[in-house]
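Chemist: Questions regarding the structure given below will be posed in turn.
The values are calculated or read from the model by the stated rules, or taken from the named source; none is laboratory data. Treat the numbers as computed from the prediction; the structure is a model and nothing was measured. Reconstructed Cβ throughout: ideal geometry from the backbone, glycine too, with neighbour counts over all protein chains shown.
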Amino acid sequence: MFSMISELDINKVSVIIGGNDEIIDTHDFTKNLLYNKRFVIFPDGRHSGSTLPLKEFFTDMLKNI
């Protein structure tokens, strides 16, 4: 799986992270691998997508494509 990730064009990848993730305690690996202008950390977000403003994020992201 990681070999496939290294082949991605990271400019086409969006990363959404919850800053209060109770499952993953560090996102350094993800940030080092996939950091770009669409890498967003929501400080109050948790691991569950229901704690993240996904609708707003994707609406804004799709406007800029």
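Chemist: Where in the chain are the helices (runs of 4 or more DSSP H), entirely inside, with at least 3 residues that are without any contact (Cβ under 8 Å) to a residue 40 or more places away in the chain and under 13 Å from the mean Cα position of the chain (by Cα)?
Modeler: Ranges flagged: 28-34.
Chemist: Identify all residues within segment 25-37 that are within 26 Å of residue 50 (Cβ to Cβ) and either exposed (fewer than 12 other Cβ atoms within 10 Å of the Cβ) or at pLDDT below 85 (or both); write none if there are none.
Modeler: Listed by number, the residues that qualify are 25, 26, 28, 29, 37.
Chemist: Then there is this: Here are some residues: 22, 7. Which one is in contact with a Lys or Arg (Cβ under 8 Å, 6 or more places away or on another chain) and surrounded by fewer than 13 Cβ atoms within 10 Å (Cβ to Cβ)? Steps first, answer last, please.
Modeler: Details: 7 fails: in contact with a Lys or Arg (Cβ under 8 Å, 6 or more places away or on another chain).
Residue meeting the stated conditions: 22.
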